[in-house]
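Below is one structure, written out as structure tokens; the observations come after it.
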Amino acid sequence: MLNKFLNHIAQTSDAPIGLEVNHAEGPFIYTKDGKRFVDFISGIAVSSLGHRHPKVVQAIHQQVDKHLHVMVYGEFVQKPQVDFAELLISNLPAKLEQIYLVNSGTEATEGALKLAKKYTGRTKLISFKNSYHGDTHGSLSVTGRDIYREPYLPLLPDVHFLTFNSFEKLDLIDEKTAAVIMEPIQGEGGIIPAEKEWLKEIQRRCDKADALLIFDEIQSGFGRTGKLFAFEEYEVVPDILCMAKAMGGGMPIGGFASSKEIFQSFKYDPPLNHVTTFGGHPVSAAAAHANLKELLSGEYLSRALEIEKQVKAKLQGKGIVEVRGKGAMLGLQLESWELTRKVVEECFEKEILLGWTLHSNTLVRLAPPLIIEDELLNDVLDSVLEAIGKHS
Ligand code: PMP
């Protein structure tokens, strides 16, 4: 099977992890050769309620028995989309009144950028170094890492990169700016939370210039940081909010929320100027609705904060430069690439999945599912400490 995988599935690196998955349940992924891995990265911040949460699986079954795709997005009334949107919007600040549903994170970014350009009639975009917004051309244009951008130049023009958490060059946010796009907590950049006063200043600058503020919460959303969305912690509400990843409880779906006024610009000049065939697929939307209902009714958000507390208490100072992040979106800053690699490899040997982030090779990503229980959490942290101790 591995050979066929390598042969027929287009590869994006020379070193795929290559686990042969048999099934997955809760915090575990079971392989064909009988191993049980603890998924401590949740499929990269996707399965926050664990794999195959029963409520999500049930909603999927029920929807499959009713209908699959029936029409391109936005033309027919599809109950799973409406139910999800109603519940989500009722849990967002008043100015985020509607959501446009897509299939993935990068599509949410693309839509948000187009919406901002259309609404403002401007083209200039401001982003941040070490950001990650997706791999399609528009998203890559605002992704702040040259090695990923350079092979694909020219990308969108008039994109400017500022330094995250720095007050320098904020004057670039001016009356020519369509939008500032940012992750309130940079994920692939190395789990770096924005500082509150800085984020507030960004919003003030946007307000002054009538530029839109786009938050990419594709990774930080849906409870991962202990809030439904990370921005709630900051008292800053974006004009457009992008989401995906954990949104569908393991099914592919994304979206971007904004005001009715801003979304008007997708209706006219010309009509239908942003369409998608599969966006908000009914099975994914049903899963997203069940996932959100469960997330809001359970103790998941407080559990995320408890996970942060336990991880920090147990790991801080123990051969680790810094334990960073919020809730269950955490990173261990280590001293060297070598040590980082050894820790990830050794934990893998112990059937624990940890990961890197795309823009950092000295950071171990921790993104456990919010359902993880204390005993398993502690076992994993013991293994991490052991690996660090052994290789430091
Ligand atoms: N934005 C952020 C902050 C992300 O973390 C990611 C995925 N790592 C994306 C956008 C892109 O999402 P997708 O892979 O679903 O296109």
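Figures for the structure shown
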{"quantity": "Which listed residue is surrounded by 22 or more Cβ atoms within 10 Å (Cβ to Cβ), touching a residue at least 40 places away in the same chain (Cβ under 8 Å) and more than 16 Å from the ligand (Cβ to nearest atom), from S302, S258", "calculated": "S258"}
{"quantity": "Count of the stretch 201-228 residues which are in contact (Cβ under 8 Å) with a residue 40 or more places away in the chain and either assigned to a loop (DSSP other than H, G, I, E, B) or not assigned by TED's automatic domain parsing to the domain that holds Q264 (or both)", "calculated": "12"}
{"quantity": "So T276, is it in contact with a Phe, Trp or Tyr (Cβ under 6 Å, 6 or more places away or on another chain), closer than 30 Å to H67 by Cβ and either among the polar types (S, T, N, Q) or part of a loop (DSSP other than H, G, I, E, B) (or both)", "calculated": "yes"}
{"quantity": "Where N103 falls short, out of the listed (1) open to solvent by less than 10 Å² (accessible area, probe 1.4 Å); (2) within 13 Å of the ligand (Cβ to nearest atom); (3) touching a strand residue (DSSP E or B) at 6+ places or on another chain (Cβ under 7 Å)", "calculated": "(1)"}
{"quantity": "Some residue of the stretch 239-258 being modelled with pLDDT of 95 or more, among the charged types (D, E, K, R) and more than 24 Å from K326 (Cα to Cα)", "calculated": "no"}
{"quantity": "Cross-chain or 6+ apart pairs with Cβ under 6 Å, the stretch 176-197 first and touching a residue at least 24 places away in the same chain (Cβ under 8 Å) and open to solvent by 20 Å² or more (accessible area, probe 1.4 Å), then of a type in the set (F, W, Y) and assigned to a loop (DSSP other than H, G, I, E, B)", "calculated": "K196/Y234"}
{"quantity": "Yes/no for S360 being of a type in the set (S, T, N, Q), closer than 30 Å to I60 by Cβ and either surrounded by fewer than 16 Cβ atoms within 10 Å (Cβ to Cβ) or modelled with pLDDT under 95 (or both)", "calculated": "no"}
{"quantity": "Close pairs (7 angstrom Cβ cut-off, 6 or more residues apart or separate chains): free of Cβ contacts under 8 Å to residues at least 40 places away in the same chain in the stretch 348-366, among the basic types (K, R) anywhere", "calculated": "W356/R365"}
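The rows are residues; the columns are (1) touching a residue at least 24 places away in the same chain (Cβ under 8 Å); (2) exposed (fewer than 15 other Cβ atoms within 10 Å of the Cβ); (3) assigned to a helix (DSSP H, G or I).
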{"site": "S47", "(1), (2), (3)": "yes, no, no"}
{"site": "I60", "(1), (2), (3)": "yes, no, yes"}
{"site": "M71", "(1), (2), (3)": "no, yes, no"}
{"site": "F84", "(1), (2), (3)": "yes, no, yes"}
{"site": "A116", "(1), (2), (3)": "yes, no, yes"}
{"site": "I126", "(1), (2), (3)": "yes, no, no"}
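The values are calculated or read from the model by the stated rules, or taken from the named source; none is laboratory data. The structure displayed is predicted, hence computed values, not measured ones. All Cβ positions, even for glycine, are placed from backbone atoms using ideal geometry, and neighbour counts span all protein chains on display. Keep in mind that these areas ignore ligands, DNA and RNA; they rest on the heavy atoms of the full protein, side chains included. Shrake-Rupley method; radii C 1.70, N 1.55, O 1.52, S 1.80 Å.
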